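Student: Structure incoming, see below.
The values are calculated or read from the model by the stated rules, or taken from the named source; none is laboratory data. Here the structure is a predicted model, which is why all the values come from computation and not from measurement. Reconstructed Cβ throughout: ideal geometry from the backbone, glycine too, with neighbour counts over all protein chains shown.
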Amino acid sequence: MANFFKAVAKPKVSNAPLTARIEKLDINGVGIARLNKKPLFIFGALPGEVVTAKIIEQKSKYARAKVITINQKSDYRVTPECQHFGLCGGCDLQMLALSEQLVFKQQKITELFSRSFSANNLAAKIEQADLPWQVPIKSEPWHYRRKARIGVQFDKNGQAIIGFRQKSTNQLAAIKSCPVLVEPLNTIFPILKKLLAQLTVKAAIGHIEVIQADVNQLANEQFASKVVLVVRQLKAMNKPDNQLWQQFAKQYAWHVIIDDGNKQTPIENAESKLSYSLSDGNKIYFASSDFIQINHQVNNAMINQALNWLSVDETDKVLDLFCGLGNFSLALAKNAKLVVGVEGVQVMVDKATHNAQVNGLTHCQFHQADLNGDWLATAWATEQAFDKVLLDPARAGAEQAVKQIAKLKIPTVLYVSCDPATLARDSAILVAQGYKIKKISLMDMFSQTKHVETMVLFTL
Ligand SMILES: C[S@@+](CC[C@H](N)C(=O)[O-])C[C@H]1O[C@@H](n2cnc3c(N)ncnc32)[C@H](O)[C@@H]1O
């Protein structure tokens, strides 16, 4: 008999409200309950709560539901501070008390380590008590963010919508103020809206990057902490619109930079330099397109903790992998015999070199390399026997880099991570090669969000 394709009927989504008790948060901070033994994900519901919810998606292995009412509230539920909570795609943990946000983040890291170590047949399972947790690094829980990309869209009537992406769509949530941005970036939205309404060519703007930075205007030798706006122009800006930006820049003391996709030009046509200062006095110059750590307070505390955990002294030769502009390298170089910084982007290598020079640090050098490639035989890796290595990779982690660190047998490794899943994977590699986890701490770089940064110290 011939075989005919027969479509499998999709499970029907019941409209009937159901009652569910939330067991825990998943690693994305979404409440998990059980529905006929299947996980039921309910956004916004907290552990211990009993909610009435409506199914919005039914799959064979899981279902998703939306809260209708909370019948039994968690003691840790707080009123979200932001008026855009629920619509805006950012800051999705602000209904949870700050202390519990940290508990959730620590549990998330523990769980990821446990999974990764079990998968690698390392110590059967790592429970919380087995990870040597240290006090978390924290900052002010609001007004901590010094850089953000604001999306710009226009509706069919030509009205500007400015803000951040809504949860799981490409549509923008129209934002009036954002309480995680540093002042005065948090209140810039209505001013930008007023400006955009007056533009003669509206569809020419892609997005606007806002940054709080020290601005050094070279022509008039003026130096001030300013709001920097980088306007991504998709078409050349005409004269009236240019004048409008100049007028607003003057009125609000902004430093406006036009980015045409190839080059960035300050609107005043005067050359300028952006920088931030660290608590040790080092000054880091950067371009608006460069990576900088978002939370200035956590960044300072993180650098201090790195120096402390590594106990760097004048006999140490230290390797700083994924060094960017030298954010860690310069602080290390103040204390070490030699620092070798390595980074993938050549212009950042050049800036790190420049930053070392202007800060008067001579015993550090910077090199370009793809650290996900094979770099073991390069001159910078073989000319020295390094005592210590700090690595601070992007979210993809440093799978290849940690394997090579282990081959070099560098005795002390400090891993700064912005993604706990890749950190757990890479930690298992180091532990399998004989490294021990000596200290671990979370760094609350992004309060009110599910994102977490971690520092781990390994020794051989
Ligand atoms: C999280 S940032 C850290 C930068 C710096 N440590 C800091 O604190 O500002 C990661 C850096 O790794 C660099 N990077 C990403 N992938 C890389 C690769 N495959 N090889 C070398 N560098 C890479 C990025 O350009 C970026 O500067």
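Student: I'd like the residue in segment 332-346 that is among the hydrophobic types (A, V, I, L, M, F, W, C) and near the ligand (Cβ under 10 Å from one of its atoms) and, out of all such residues, is nearest to Ala287 (Cα to Cα).
Tutor: The extreme case among them is Val345.
Student: I've got another one for you. Quick check: is even one residue across segment 219-227 of a type in the set (S, T, N, Q), over 30 Å from Ser447 (Cβ atoms) and assigned by TED's automatic domain parsing to the domain that holds Lys263?
Tutor: Yes, segment 219-227 contains at least one residue that is of a type in the set (S, T, N, Q), over 30 Å from Ser447 (Cβ atoms) and assigned by TED's automatic domain parsing to the domain that holds Lys263.
Student: Let me ask something else. Inside segment 311-340, can you point out the residues that are over 15 Å from Val416 (Cα atoms), in contact with a Ser or Thr (Cβ under 8 Å, 6 or more places away or on another chain) and either touching a residue at least 40 places away in the same chain (Cβ under 8 Å) or assigned to a strand (DSSP E or B) (or both)?
Tutor: Val339
Student: While we're on this one: I want to confirm something. Restricting to segment 209-231 and keeping residues that are among the hydrophobic types (A, V, I, L, M, F, W, C), assigned to a strand (DSSP E or B) and more than 15 Å from Ala287 (Cα to Cα), which single residue is modelled with the highest pLDDT?
Tutor: First, the residues of segment 209-231 that are among the hydrophobic types (A, V, I, L, M, F, W, C): 210-211, 213, 215, 218-219, 223-224, 227-231.
With the extra rule that they be assigned to a strand (DSSP E or B), the set shrinks to 210-211, 213, 215, 223-224, 227-231.
If we keep only those that are more than 15 Å from Ala287 (Cα to Cα) too, we end up with 223-224.
Values: Phe223: 76, Ala224: 83.
Top of the filtered list is Ala224.
Student: Return the pairs, sorted by first residue and then second, in which the second residue is of a type outside the set (Lys, Arg) and within 12 Å of the ligand (Cβ to nearest atom), the first residue lies in segment 278-291 and is free of Cβ contacts under 8 Å to residues at least 12 places away in the same chain and closer than 14 Å to Val228 by Cα, the beta carbons are less than 7 Å apart, and the residues are 6+ apart or on different chains.
Tutor: none
Student: Report the residue count in segment 349-369 for those that are surrounded by fewer than 22 Cβ atoms within 10 Å (Cβ to Cβ) and closer than 13 Å to Ile284 by Cβ.
Tutor: So the count comes out to 7.
Student: Still on this structure: I need the full set of residues from segment 341-359 which are part of a loop (DSSP other than H, G, I, E, B) and either basic (Lys, Arg) or in contact with an Asp or Glu (Cβ under 8 Å, 6 or more places away or on another chain) (or both), in order please. Outline the logic, then answer.
Tutor: Taking segment 341-359 and keeping what is part of a loop (DSSP other than H, G, I, E, B), we get 344-345, 359.
Listed by number, the list holds a single entry, Gly344.
Student: Among the residues of segment 371-383, are any within 19 Å of Phe291 (Cβ to Cβ) and out of contact with any Cys (no Cβ under 7 Å at 6 or more places or on another chain)? It would help to see each step written out before you state the result.
Tutor: Taking segment 371-383 as the starting set, the residues that turn out to be within 19 Å of Phe291 (Cβ to Cβ) are 371-372.
Subsequent filtering for residues that are out of contact with any Cys (no Cβ under 7 Å at 6 or more places or on another chain) retains 371-372.
The answer is yes; a qualifying residue exists.
Student: Test Ala287 against the criterion of being under 22 Å from the mean Cα position of the chain (by Cα), more than 23 Å from Leu244 (Cα to Cα) and away from the ligand (no atom under 11 Å from the Cβ), and give yes or no.
Tutor: yes
Student: Which numbered condition trips up Pro47, out of (1) buried (at least 16 other Cβ atoms within 10 Å of the Cβ); (2) over 16 Å from Gln101 (Cα atoms); (3) modelled with pLDDT of 90 or more?
Tutor: (2)
Student: When the residues of segment 389-399 are narrowed to those that are of a type in the set (A, V, I, L, M) and within 11 Å of the ligand (Cβ to nearest atom), which ends up nearest to Leu319 (Cα to Cα)?
Tutor: Filtering segment 389-399 for residues of a type in the set (A, V, I, L, M) gives 389-391, 394, 396, 398.
Adding the requirement that they be within 11 Å of the ligand (Cβ to nearest atom) leaves 390-391, 394, 396, 398.
Numbers: Leu390: 6, Leu391: 8, Ala394: 17, Ala396: 20, Ala398: 14 Å.
Going through the qualifying residues, I end up with Leu390.
Student: With respect to Ile410, determine if the residue is touching a residue at least 24 places away in the same chain (Cβ under 8 Å), assigned to a loop (DSSP other than H, G, I, E, B), away from the ligand (no atom under 15 Å from the Cβ) and buried (at least 17 other Cβ atoms within 10 Å of the Cβ). Give the steps one after another, and end with the answer.
Tutor: Working: touching a residue at least 24 places away in the same chain (Cβ under 8 Å): yes; assigned to a loop (DSSP other than H, G, I, E, B): yes; away from the ligand (no atom under 15 Å from the Cβ): yes; buried (at least 17 other Cβ atoms within 10 Å of the Cβ): yes.
Against the criterion (touching a residue at least 24 places away in the same chain (Cβ under 8 Å), assigned to a loop (DSSP other than H, G, I, E, B), away from the ligand (no atom under 15 Å from the Cβ) and buried (at least 17 other Cβ atoms within 10 Å of the Cβ)), Ile410 qualifies.
Student: On to the next question. What's the total number of residues in segment 429-449 that are in contact (Cβ under 8 Å) with a residue 60 or more places away in the chain and in a strand (DSSP E or B)?
Tutor: The total comes to 7.
Student: Could you check how many residues of segment 155-175 are surrounded by 13 or more Cβ atoms within 10 Å (Cβ to Cβ) and farther than 18 Å from Lys450 by Cβ?
Tutor: Here is the first cut: in segment 155-175, the residues surrounded by 13 or more Cβ atoms within 10 Å (Cβ to Cβ) are 159-167, 171-175.
So of that shortlist, the ones also farther than 18 Å from Lys450 by Cβ come out as 159-163, 171-172, 174-175.
Looking only at that region, the number is 9.
Student: Here are Gln107, Gln134: which of them is surrounded by fewer than 20 Cβ atoms within 10 Å (Cβ to Cβ), of a type outside the set (Gly, Ala, Ser), at pLDDT 95 or above and within 18 Å of Glu453 (Cβ to Cβ)? So that I can check it myself, show each step before the final result.
Tutor: Numbers: Gln107 fails: at pLDDT 95 or above.
Sole residue among the options that is surrounded by fewer than 20 Cβ atoms within 10 Å (Cβ to Cβ), of a type outside the set (Gly, Ala, Ser), at pLDDT 95 or above and within 18 Å of Glu453 (Cβ to Cβ): Gln134.
Student: Next question, about the same structure. For segment 278-292, state whether one or more residues are surrounded by fewer than 18 Cβ atoms within 10 Å (Cβ to Cβ), outside any loop (DSSP other than H, G, I, E, B) and not assigned by TED's automatic domain parsing to the domain that holds Val182.
Tutor: yes
Student: Of these, Val339, Val349, which one is touching a His at 6+ places or on another chain (Cβ under 9 Å) and within 18 Å of Leu278 (Cβ to Cβ)? Please lay out each step first, then the result.
Tutor: Working: Val349 fails: within 18 Å of Leu278 (Cβ to Cβ).
When all the criteria are applied, what remains is Val339.
Student: Now for a different question. Say whether the condition of being small (Gly, Ala, Ser) and over 18 Å from Phe113 (Cα atoms) is met by at least one residue in segment 412-433. Talk me through it step by step, then tell me what you get.
Tutor: Going residue by residue through segment 412-433, those that are small (Gly, Ala, Ser) are 417, 421, 424, 427-428, 432.
Keeping just the survivors that are over 18 Å from Phe113 (Cα atoms) gives none.
Within segment 412-433, not a single residue is small (Gly, Ala, Ser) and over 18 Å from Phe113 (Cα atoms).
Student: For segment 360-388, give me each residue that is in a loop (DSSP other than H, G, I, E, B), within 15 Å of the ligand (Cβ to nearest atom) and of a type outside the set (Phe, Trp, Tyr). Let's see the steps before the verdict.
Tutor: In the first step, residues of segment 360-388 are kept if they are in a loop (DSSP other than H, G, I, E, B); the result is 360-363, 369-378, 383-387.
Then drop every residue that is not within 15 Å of the ligand (Cβ to nearest atom), which leaves 369-376, 378.
Of everything in segment 360-388, those that are in a loop (DSSP other than H, G, I, E, B), within 15 Å of the ligand (Cβ to nearest atom) and of a type outside the set (Phe, Trp, Tyr) turn out to be Ala369, Asp370, Leu371, Asn372, Gly373, Asp374, Leu376, Thr378.
Student: Separate question: Considering each of Asn300, Asn295 in turn, give the residue that is crowded, with 22+ Cβ neighbours inside 10 Å and at pLDDT 95 or above. Walk me through how you get there before you give the answer.
Tutor: Working: Asn300 fails: crowded, with 22+ Cβ neighbours inside 10 Å.
Only one candidate passes the filter, namely Asn295.
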